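Data first, discussion second: the structure below is written as C-alpha cells.
Read the figures in this text as sums done on the coordinates, not as results from a lab. Fair warning: this is a prediction, and the values are worked out from it, not measured in the lab. When we count neighbours, we look across all protein chains shown, and the Cβ atoms used for this are built from the backbone with ideal geometry, even at glycine.
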Amino acid sequence: MQANAVRKVMWLTKGVALFGGFAVGLALILGVATTALAAVPGDPFRLGETNTINNAFTKLVGSNDGDAMLKVDNNSSAGGSRALDLRVEVGKAPLNVNADAGKATNLNADELDGKGADQIGVNGLEVVSDTTFPASSNSGRFARVDCPDGKVVVGTGYSVGNGTTGSIPNVQTDISVTNVDPDEDSVYVSAYEEEPTSEEWTLSARAICATEGTP
C-alpha cells in the first residue's frame, strides 16, 4: 500500500512538471509572438499590417538606371483610390525634395505657396525693355528686347521719349511707331519721324515675359 501511495505522488509530480513545462513553453511562444508585433529597427516590412516604429528613420538607398527606386501602383478604380497618402500634423510639410530643377510629370497641385491658380497669375511674369541710346534727332530708330532664357513673350509694349512739339493741351507727336513685331522670345519695334524735328528722341521696346510652358 505504501508503494502504491509513492507511485501516485510520483505521477502527480510528473503531471505538474509536464503542465509547468507546457506553461513555460506557451509563455515563451506568446512572448516571442508579442515581441514580433512590436517593430524594432531591422524588422521586415509587413504587408497588410500597420507597421509602427518610434524615433527611428527608414531609408531606401541604391541605384536603378533609367527607372524609379520605389513604385506604388494602386489598380483600383474606386472613388478616392490613390497610390500614396501622406499625413502630417497641422503646419508641417508633407513632402521634401532636394532638386533645384526638374519637372514632375503629370503633377497637378491645387495651391502653390498657399495660393490658388487664380491668385498666382502668370508664372514667372517679368517685364524687360531696351532703349535706343544715345538720344538723337535721326529719323528711323529701331529697338529690340529679348526675354531671359527659359521665358517666352506673352505681351508687348513700347515708348517714345521726347519727339513732341507744342505744349499741353496742344502737344503734337512728331514720331510715328511703324512696327511692333513680337516673336517667341523677343520684341522688335521701329519708328520714324512723321514730321522732321530737331528734338532728340529715343525709342524703347518692351516684352512681357513668362516662364515657358505656362498655360
Quick check on the exposure proxy: order 193, 89, 200 from fewest to most C-beta atoms within 10 angstrom.
89, 200, 193
Starting at the first residue of region 63-78, write each ³J(HN,Hα) from the Karplus equation 6.51 cos²θ - 1.76 cosθ + 1.60 with θ = phi - 60°, in whole Hz, x for Gly and Pro.
9, 9, 4, x, 8, 7, 8, 8, 10, 10, 10, 9, 8, 6, 9, 5
Can you list the residues, at least 5 places off or on another chain, whose amide H is less than 5 Å from the amide H of residue 174, using H built in the peptide plane?
164, 165
Inter-probe distance in nm under a simple model that places probes 7 Å from Cα toward Cβ, at residue 123 and residue 70:
2.6 nm
Under a 5 Å amide H to amide H cut-off, with H placed in plane at 1.01 Å, what residues pair with residue 125 once short-range neighbours are removed?
211
In nanometres, what is the gap between the two model label sites at residue 198 and residue 159, each 7 Å from Cα along Cα-to-Cβ?
2.7 nm
Which residues qualify? For residue 156, with a placed amide H closer than 5 Å and at least 5 residues away or on another chain, they are 208
Cα coordinate range in region 126-211, projected on the principal axes (Å, largest first):
43, 25, 19
Summed side-chain charge close to residue 210 - residues other than residue 210 whose Cβ falls under 9 Å, Lys, Arg +1, Asp, Glu -1:
-1
For residue 179 and residue 50, what does the FRET efficiency come to when R0 = 41 Å and r is the distance between their Cβ atoms, rounded to the nearest 0.05?
0.05
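List 81, 63, 190 from most exposed to least, where exposure is judged by having the fewest other Cβ atoms within 10 Å. Don't jump to the answer; show the numbers that get you there.
Values: 81 9, 63 5, 190 18.
Going from least to most buried by this count: 63, 81, 190.
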Region 72-109 scanned against label point 7 Å out from residue 60 along Cα→C-beta; backbone N under 14 Å for 72-74, 83-85
